[in-house]
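As structure tokens, the structure follows; a few thoughts come after it.
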Amino acid sequence: MSARYERMRDAVRALYDRNRQRGTAPWCGLEYDFVCPSTGTYPFQWFWDSCFHTVALAHFDVGRARSEIRSLLANAQPDGFVAHVTFWQRERYEEMLATYAIAYRTPYLSDCIQPPVLAEAVAAAAQGEGGDAFLAEVMPRVVAYFEWLDARRDPDRDGLVATLQPDESGLDHTPKYDAYLGIERVEHAEFTRAWERVAGPYAEVGRDHDRMFALDRFVCADVLVNTIYAENQRVLADLLERTGDGDRAQRYRSRADATTRALVEKCYDAEAGLFYDRVGRDGRGRLRVNTVSSLMPLLLDVPAECAQALVRQIEDPLKYRAPFPVPSTALDEPGYRKPTADSKLVWRGPTWINTNWYLARGLRRHGREDLARVIEDRSAALVERSGFREYYDPFTGEGFGAEGFSWTALALDLLADLDGVR
Ligand code: GLC
């Protein structure tokens, strides 16, 4: 291991000690032990954040990596659903909650999803001694979650799952939804109103899935979500193989292939050389906005011409090749915004480490180790210069958003790839 990796690992360990939340929750009588995204703004347990934290934790404390997953799955519902936020210590933060736009299943659990990074996280936590026992413990709930996604979010059975409100993609204010949501001014209040135009009618129908789909307010075959879905079904298949469930492993492998195929058939725009979300219950609409989401299928086994087109985007200085790549919106998109200290709008331009984590791997899988190395090195450099921030200016490397932000620790995993230690 390089000295650079070791310094990063020590910094992540210190951050994760500061952001650790431990206790027993009176509302469910369960113990929790997880890393929150940021003590200042996000003190609860978020789904995809927690999965990323697990990947980082596995580098230095596999016991805590497993606790992170146990806490995430502790309140899995009988139908398989896992909330995108678990408000373990809700009572301490009532004032903060008043500022969140969120749909609740119970006062302590949100009623929406986030990108299903779960199988990748479980695979990281199942490394090393005790991994098989850990898998035996958690796999039933992990499988139940993916069964739920398939049963409830893919009514047209095309292999793509639908998000039903913008925050389900984890890309809250991305410009790709502006037109679909009727956003006219790029202001926080406008996004809250747009969210309410979707969540209000959902509340009226009791957030029943069939009725939410029928309302046709926000039905999105999201490229980022479905790329992660495909990858995680494939990783789940490997985990099932490891636990001796070969039949089910085969089923998940086919499902992963079906999701990948559907992404190419329905979302790839050959003229633009980009993947675009499909929207509407009939899937006819297309969100033709170039964001980092459009590049994500590089992670998958997509045809060579698609992969080459995406690589060209990443290499293009007018699109994504900034000094600190990869910006969350193409630099020449009208919706692109430079980060500013006072903006609460996320995913409109700055560079994030979690999407870099996926893109660097995608580049390696498609034979572009040279470019992957640039992203790995620049991602670590952002943390070294500006600390663990939520996102960064792609030109100056300055950090913005939450401080002490936990998933940015994925830079450690990127450094492991740069060092070639896997
Ligand atoms: C923001 C991000 C979302 C993340 C959450 C907690 O809402 O858009 O993806 O999960 O913060 O970090």
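Nothing in this text is a laboratory measurement; each read-out follows from the coordinates by a stated rule. What you see is a predicted model, and the numbers here were worked out from it, not measured in a lab. All Cβ positions, even for glycine, are placed from backbone atoms using ideal geometry, and neighbour counts span all protein chains on display.
How about the range 152-198: which of its residues are within 13 Å of the ligand (Cβ to nearest atom) and acidic (Asp, Glu)?
Scanning the range 152-198 gives Asp167, Glu168, Asp172.
When the residues of the range 37-63 are filtered to those that are part of a helix (DSSP H, G or I) and away from the ligand (no atom under 13 Å from the Cβ), which remaining residue is farthest from the chain's Cα centre (by Cα)?
Going through the qualifying residues, I end up with Gly63.
Residue by residue through the range 261-303, note down the ones that are part of a helix (DSSP H, G or I), without any contact (Cβ under 8 Å) to a residue 60 or more places away in the chain and closer than 21 Å to Arg368 by Cα.
Val264
Would you pick out the residues in the range 304-348 that are in a helix (DSSP H, G or I) and either among the basic types (Lys, Arg) or closer than 19 Å to Gly399 by Cα (or both)?
Hit for the range 304-348 is Arg312, nothing else.
Can you find a residue in the range 64-85 that is over 21 Å from Val138 (Cα atoms) and over 21 Å from the mean Cα position of the chain (by Cα)?
Taking every residue of the range 64-85 in turn, none turns out to be over 21 Å from Val138 (Cα atoms) and over 21 Å from the mean Cα position of the chain (by Cα).
Residues are listed down the side, and each one gets a yes or a no for (1) crowded, with 21+ Cβ neighbours inside 10 Å; (2) closer than 24 Å to Asp172 by Cβ; (3) without any contact (Cβ under 8 Å) to a residue 40 or more places away in the chain:
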site	(1), (2), (3)
Thr86	yes, yes, no
Glu91	no, no, yes
Met96	no, yes, no
Gln127	no, no, no
Asp154	no, yes, yes
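Restricting attention to the range 74-108, report how many residues are over 26 Å from Ala194 (Cα atoms) and out of contact with any Lys or Arg (no Cβ under 6 Å at 6 or more places or on another chain).
10
Which of (1) within 21 Å of the chain's Cα centre (by Cα); (2) acidic (Asp, Glu); (3) under 25 Å from Ser328 (Cα atoms) is the odd one out, the single condition Glu271 does not satisfy?
If we test Glu271 against (1) within 21 Å of the chain's Cα centre (by Cα); (2) acidic (Asp, Glu); (3) under 25 Å from Ser328 (Cα atoms), just (1) comes out false.
So, in the range 11-24, of the ones that are touching a strand residue (DSSP E or B) at 6+ places or on another chain (Cβ under 6 Å) and surrounded by 19 or more Cβ atoms within 10 Å (Cβ to Cβ), which residue ends up farthest from Ala411 (Cα to Cα)?
Across the range 11-24, the extreme among qualifying residues is Asn19.
Within the range 327-334, is even one residue acidic (Asp, Glu), crowded, with 24+ Cβ neighbours inside 10 Å, on the phi < 0 side of the Ramachandran plot and in contact (Cβ under 8 Å) with a residue 60 or more places away in the chain?
no
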